[in-house]
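Undergrad: Dumping the structure here so I can ask a few things about it.
The values are calculated or read from the model by the stated rules, or taken from the named source; none is laboratory data. Predicted model, so just to flag it, every value in this text is computed and none were measured. Neighbour counts run over all protein chains shown; Cβ positions are idealised from the backbone, glycine included. Accessible surface is based on the protein model in full, side chains and every heavy atom, while ligands, DNA and RNA are left aside. Shrake-Rupley method; radii C 1.70, N 1.55, O 1.52, S 1.80 Å.
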Amino acid sequence: MKNILKKIKSKFNQSKIKEKMMQNNFKAPENPFGPVKDPVWEKIKKENFEIPDDSPLKKNPFHYTEKISFELSNFCNYSMYHQKCPAHLQKELKVLPLSLIEKTIDTLGKYNFSGKIAFHNYNEPLIDPRLFYILKYTKEKCPNASFYICTNGYYLDQTIGEELAAFGVTKIHVSIYFKKELERLQKIKLPVPCDLQVMELDDTLNIYSGPIKDCNKKCSAPLREVVVSKDGDISLCCYDWAYIYKFGNLKEKTLDQIVSSGLMYKIYSELSEGNRFLNICKNCRWHR
């Protein structure tokens, strides 16, 4: 783990982003939001729920799962620019252990998972020196899955893009924040779809406190898209940036054990009917 941290830090130190941060005397800000607790969640997570005997989850815990995202670390080289992004609040570099990634990929392979597998949440995947090994390992264990890379594009060029495709990546999404970056990336021609999207950050940081949007749209979180945090936690969805709503940890259980829990099914059942009874869901205008 220490060697991985050194490699990631080395990549960061060699980038122009580090110089920019030093010039601006950048310091990670204090978290103004602090710990957040949802009394409804605190109560419901202590109750016992069972999955119906006729549920397809009894045979395949990933029956409803279309996408699984691994947050490889909590580091993003653009975090200092994004004051609305949770990544800029990070003070300590954390990396999802390779052993947990391999164990989880093995679990997916056991069920012949054929959905999407991504390697981001609040992190930049291309900065991780393990990425190509992880892609290779995942392709061997889950040959029917498709691989999705979401990046800010800083490390993406023609060569890296072609190598990602060669390692099985089927789609690349680039979040564009700077005009020059857009102009550079528009010149890249890759053998797989590469979407360039000019981004404007939303109010994700305020997702726990509102204002309440009274949205009653049906949502398939947390089973449709499963999020694995850099600490190995399985959370409600990608908007739960502080990981308040946790269903379990991969250090203690396997992914199929967590996904097939009665609590996770209960939350999925309520949200899929439009019952947004959790605070974070009441404050969210999105749906899965």
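Undergrad: Tell me the angle of helix 98-110 to the major Cα principal axis of the chain, expressed in degrees between 0 and 90 and rounded to the nearest ten.
TA: 50 degrees
Undergrad: Please work out which option in (i) 31, 24, 18; (ii) 26, 23, 18; (iii) 112, 21, 14 gives semi-axes √(5λ) of the Cα gyration tensor in Å calculated from these coordinates, and answer with its label.
TA: Read-out from the structure maps to (i).
Undergrad: Report, in debye and to the nearest 20, how large the dipole of the range 220-267 comes out about its Cα centre when Lys and Arg carry +1 and Asp and Glu carry -1 on their Cβ. If you can, show how the numbers build up before the last one.
TA: Values: 6 positive and 6 negative charges, 14 e Å.
The calculation lands at about 60 debye.
Undergrad: Given labels modelled 7 Å from the Cα in the Cβ direction, how far is it in nm from Glu66 to Leu93?
TA: With each label point 7 Å from Cα toward Cβ, the separation is 3.6 nm.
Undergrad: Then there's this: In the range 71-120, carbon and sulfur make up what percent of the accessible area (probe 1.4 Å)?
TA: C and S atoms contribute 47 percent here.
Undergrad: Then there is this: Where does the chain land at 222 nm, in deg cm²/dmol rounded to the nearest 500, when only DSSP H runs of n ≥ 4 count, each adding -39500 (n - 2.57), divided by all residues?
TA: -8500 deg cm²/dmol
Undergrad: If you don't mind, there's one more thing I want to ask. About the Cα centre of the range 184-261, how large is the charge dipole given +1 on each Lys and Arg Cβ and -1 on each Asp and Glu Cβ? Please answer in debye to the nearest 20. Provide the component values of the computation, followed by the final result.
TA: Details: 11 positive and 11 negative charges, 63 e Å.
About 300 debye.
Undergrad: Right, here's the next one. Report the extension gain between Thr254 and Lys139 in nm, rounded to one decimal, defined as 0.36 nm multiplied by the number of residues separating them, less their alpha carbon distance.
TA: Separation in residues times 0.36 nm, less the Cα-Cα distance, equals 39.4 nm.
Undergrad: Considering only protein heavy atoms, what per residue accessible area in square angstrom results for the chain with a 1.4 angstrom probe?
TA: Result: 51 Å² of accessible area for each residue.
Undergrad: Could I ask something else about it? Cross-link list Lys136/Lys251; Lys67/Lys171; Lys179/Lys230; Lys218/Lys253: which exceed 20 angstrom alpha carbon to alpha carbon?
TA: Too far apart for the 20 Å limit: Lys136/Lys251; Lys179/Lys230; Lys218/Lys253.
Undergrad: Give the distance, in whole Å, between the Cα centre of the range 231-257 and the Cα centre of the range 95-117.
TA: After rounding, the separation between the Cα centres reads 14 Å.
Undergrad: Please give the peptides 187-194, 163-170 ranked by average Cβ packing (other Cβ atoms within 10 Å per residue), highest first, as a rough proxy for protection. If you can, show how the numbers build up before the last one.
TA: Details: 187-194: 13.5, 163-170: 17.5.
Peptide ranking by packing, descending: 163-170, 187-194.
Undergrad: In addition: What relative contact order, as a whole-number percentage, does the chain give when Cα pairs under 8 Å and 6 or more residues apart are counted?
TA: It comes to 22 percent, rounded to a whole number.
Undergrad: I would also like to ask the following. Put +1 on the Cβ of every Lys and Arg and -1 on every Asp and Glu Cβ in the chain; which of Val227, Asn279, Val198 then has its Cα farthest towards the positive end of the dipole?
TA: Val198
Undergrad: May I pose another question? Over the chain, with a Gaussian network built from C-alpha contacts below 10 Å, which listed residue (Glu162, Glu183, Glu270) shows the highest mean-square fluctuation?
TA: Among Glu162, Glu183, Glu270, the largest mean-square fluctuation in the Gaussian network model of the chain belongs to Glu183.
Undergrad: Still on this structure: What ranking do 70-76, 281-287 get when scored by the average of other Cβ atoms within 10 Å per residue, highest first?
TA: Highest to lowest by the protection proxy: 70-76, 281-287.
Undergrad: Compute, for the chain, the length of the dipole vector about the Cα centre, with Cβ point charges of +1 (Lys, Arg) and -1 (Asp, Glu) only. Units Debye, rounded to 20.
TA: The dipole magnitude comes to about 580 debye.
Undergrad: Taking a virtual spin label 7 Å from the Cα of Lys187 along the C-beta vector, which residues in the range 136-169 bring their backbone nitrogen under 19 Å of it?
TA: Only 153-163 pass the distance filter.
Undergrad: Right, next: So how far apart, in nm, are the two label points at Phe277 and Asp202 if each is 7 Å from Cα heading toward Cβ?
TA: 2.4 nm
Undergrad: Separate question: Measure nothing fancy, just the Cα-based angle from helix 262-272's long axis to the longest principal axis of the chain, in degrees from 0 to 90, nearest 10.
TA: 80 degrees
Undergrad: Ignoring ligands, DNA and RNA, please state the percent of accessible area on the range 166-288 from carbon and sulfur, probe 1.4 Å.
TA: Ligands and nucleic acids excluded, carbon and sulfur reach 48 percent.
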